[in-house]
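Let me begin by presenting the structure, written as structure tokens, before commenting on it.
The values are calculated or read from the model by the stated rules, or taken from the named source; none is laboratory data. Note that this is a predicted model, so its numbers are computed, not measured. No Cβ is skipped: glycine too gets one built from the backbone with ideal geometry, and neighbour counts run over all protein chains shown. These area figures cover heavy atoms from the full protein model, side chains too; ligands, DNA and RNA do not enter into them. Shrake-Rupley method; radii C 1.70, N 1.55, O 1.52, S 1.80 Å.
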Protein chains: 2
Amino acid sequence: MNDFAKKLFQNSKSVVDAIPVVVSSRIRLARNLADAKFVKYACKSDLRMIADMCIDALAKCPILSGSNVVAMGDLLEYERTSLVERHMCSQEFTANINEARLLFTDDQLISIMINEEDHLRMQIFRPNLNFREMFDSINEIDDHLSENLDIAFDERYGFLTSCPTNVGTGMRASVMLHLPALSILKQMNNLVLAVQKLGFVARGLFGEGSDSQGNFFQISNQQTLGLSEVDILSRLSQIIKSIIDYELNFREIVKKERIVWLYDNIGRALGILRGCYSMASVDAINCISLMMLASDLEYLPNDLRHELNQIMMKMQGSHLQVLANRPLNAAERDIKRAEILREFFATVPNLKFM
Amino acid sequence: MNDFAKKLFQNSKSVVDAIPVVVSSRIRLARNLADAKFVKYACKSDLRMIADMCIDALAKCPILSGSNVVAMGDLLEYERTSLVERHMCSQEFTANINEARLLFTDDQLISIMINEEDHLRMQIFRPNLNFREMFDSINEIDDHLSENLDIAFDERYGFLTSCPTNVGTGMRASVMLHLPALSILKQMNNLVLAVQKLGFVARGLFGEGSDSQGNFFQISNQQTLGLSEVDILSRLSQIIKSIIDYELNFREIVKKERIVWLYDNIGRALGILRGCYSMASVDAINCISLMMLASDLEYLPNDLRHELNQIMMKMQGSHLQVLANRPLNAAERDIKRAEILREFFATVPNLKFM
């Protein structure tokens, strides 16, 4: 395993406060330097100057001390895309790598894209739901930046961003939810529409346009203008809490009305995970999703949940290549994925249905 | 378990001389009494007289001593159809139960339908391929019958039967083959055509018009007129031996060229068999077929083969009802089937791929 792989796979064991339904939450702030051109208008030397200024300023922020800085251009393609799979940077950030730098903490809970669409895209990540604490932390970085750099801000509009849809707070908050019961009972369309009506957006596992693989849905705010950060986070938080309630209620309904389906699908999925020698990504996600549900319902040990999150991360295409330390074609990835799954699930205890 | 179930499920452990590819062989002779009307023209009292005469004569045959006689009308519907699943009688025999009797030995290797389409349909069954021994045994019964009853026979045509397609030898010989490698490598159509050209017929698991579930194919003779029994059996035997060679060669090719597919499909099938809580018949047959292949290839203990035959028998719809001792609807059957499979395959050792 090379240095990049070691860095990537060191587990963030610091936070294991997993709760059912919520996979992770993120808050992202978009910021730009007042005196520099937006990235899309900047030349290479501009971008280098911006990168240097941002990194200098960020390095002095106590919360970021000892962070890693990676120049995207120094990484192999699959190393870059593994960071997207980890939600540590955007797809776009891996395509446009001119002076693009990624700063991230060892626990990978904070990552900052420099020279993406905006000069700075700062993201804080948690494997649970605690917007208040997250917002305080990212605010600390934001305040530090404002003290050390001249950040583009307009009294009337708020923070200025490259794309008008981010003007205002420059904030996007999102929560990844695991909603198997709503899926089983075919309630997802209703949920997506309800979320939209409230001014928020529901998407699949990898953002806009992606399918709802494994019953994972991401709920995020649309609006950045005209509302305060605290308002947005509090409304999103309320919505998420109602969705959690719905999902947990629907799980009780599934246990009452679809118990054979539930046992059968969970039992088969574990059998397949233990027996496979080639596994496509989407099948793996769907099987692991059922194992997460099994863990939530205590058919599997509840403390397995954190490991399931880790294994789901690892079996993504670019992660597999990082693990193998070489490019793999689709067939090779399927074999490697199956190998990891088979070995992991061999160590998982048998299901205990009540 | 009631008496019928006990009789049905007593294992015929006497013959465990299983060979790969061949599941079972059967020889069937159609005979009619010379002085009685064919079944379709006979009235109830004719049929009763025919039944009594046949049973009296058969009871005295040494090879059949201590055999069981069942009046089909005394059985429940699912009990009757369980006998079809066991290939001990025909589907038609369970529909037209007027004075229909089934005589069968304890080891279930000989079964004789009385008042099916012909007065007598005598069948000998083996879980391997040994036509010579089988023909000797069934001939012994046939000779005994001829000595004790006046059997309809014409010097020119041979044995006379209700349907002209059986006239002559009145013999049908068939072999059930398990041909997974030919299926995997998409050679089945070629095989079916080749068999047809040679004047024989290839069919799926349950005779004419049935699908080739689980890669099981039945090869049987078409012709009954103009060839001696020995000629037919010797030609069929030669064909079967070539098909076995083909299948075994193709298994080597599968192991060379499709090894990941093979491991993956066998591994998943065992996982599903161990994890399922509801299983449709066709899925069960396909999964067990892969376990048979695994056993042949020594990924599972080779001596498991006999038990796999037994479990495949048991998980058929009517067998499940006999086991439960009550009628089961489709959903109940799927649950019961999964229960049997899950419990059995929990005791099977893990796969050992080389």
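Which one of these does A:Q222 not meet: (1) over 19 Å from the mean Cα position of the chain (by Cα); (2) open to solvent by 50 Å² or more (accessible area, probe 1.4 Å)?
Just one mismatch for A:Q222, condition (1).
List the pairs whose first member sits in the range B:226-238 and is within 16 Å of B:E155 (Cα to Cα), whose second member is among the small types (G, A, S), and whose Cβ atoms are under 8 Å apart, counting only residues at least 6 apart or on separate chains?
B:G226/B:G168; B:L227/B:G168
Between A:T165, A:T161, which is β-branched (V, I, T), over 30 Å from A:K352 (Cβ atoms) and in a loop (DSSP other than H, G, I, E, B)?
A:T161
Select from the range B:105-131 the residues that are open to solvent by 10 Å² or more (accessible area, probe 1.4 Å) and assigned to a strand (DSSP E or B) and list them in ascending order.
Answer for the range B:105-131, where residues must be open to solvent by 10 Å² or more (accessible area, probe 1.4 Å) and assigned to a strand (DSSP E or B): B:I110, B:M113, B:R121, B:Q123, B:F125, B:R126.
Of everything in the range B:40-83 that's among the aliphatic types (A, V, I, L, M), in a helix (DSSP H, G or I) and within 21 Å of the chain's Cα centre (by Cα), which residue is surrounded by the most Cβ atoms within 10 Å (Cβ to Cβ)?
Taking the candidates together, the pick is B:L83.
Right, A:S146: assigned to a helix (DSSP H, G or I) and touching a strand residue (DSSP E or B) at 6+ places or on another chain (Cβ under 7 Å) or not?
no
Just checking, does the range A:85-93 include any residue being open to solvent by 20 Å² or more (accessible area, probe 1.4 Å), touching a strand residue (DSSP E or B) at 6+ places or on another chain (Cβ under 9 Å), in contact (Cβ under 8 Å) with a residue 24 or more places away in the chain and on the phi > 0 side of the Ramachandran plot?
Yes: the range A:85-93 contains one or more residues that are open to solvent by 20 Å² or more (accessible area, probe 1.4 Å), touching a strand residue (DSSP E or B) at 6+ places or on another chain (Cβ under 9 Å), in contact (Cβ under 8 Å) with a residue 24 or more places away in the chain and on the phi > 0 side of the Ramachandran plot.
Which helices (runs of 4 or more DSSP H) does the range B:237-354 wholly contain that include 1 or more residues that are within 14 Å of another protein chain (Cβ to nearest Cβ) and open to solvent by less than 70 Å² (accessible area, probe 1.4 Å)?
Because the criterion is at least 1 residues that are within 14 Å of another protein chain (Cβ to nearest Cβ) and open to solvent by less than 70 Å² (accessible area, probe 1.4 Å), the helices (runs of 4 or more DSSP H) in the range B:237-354 that meet it are B:259-275, B:281-296, B:330-346.
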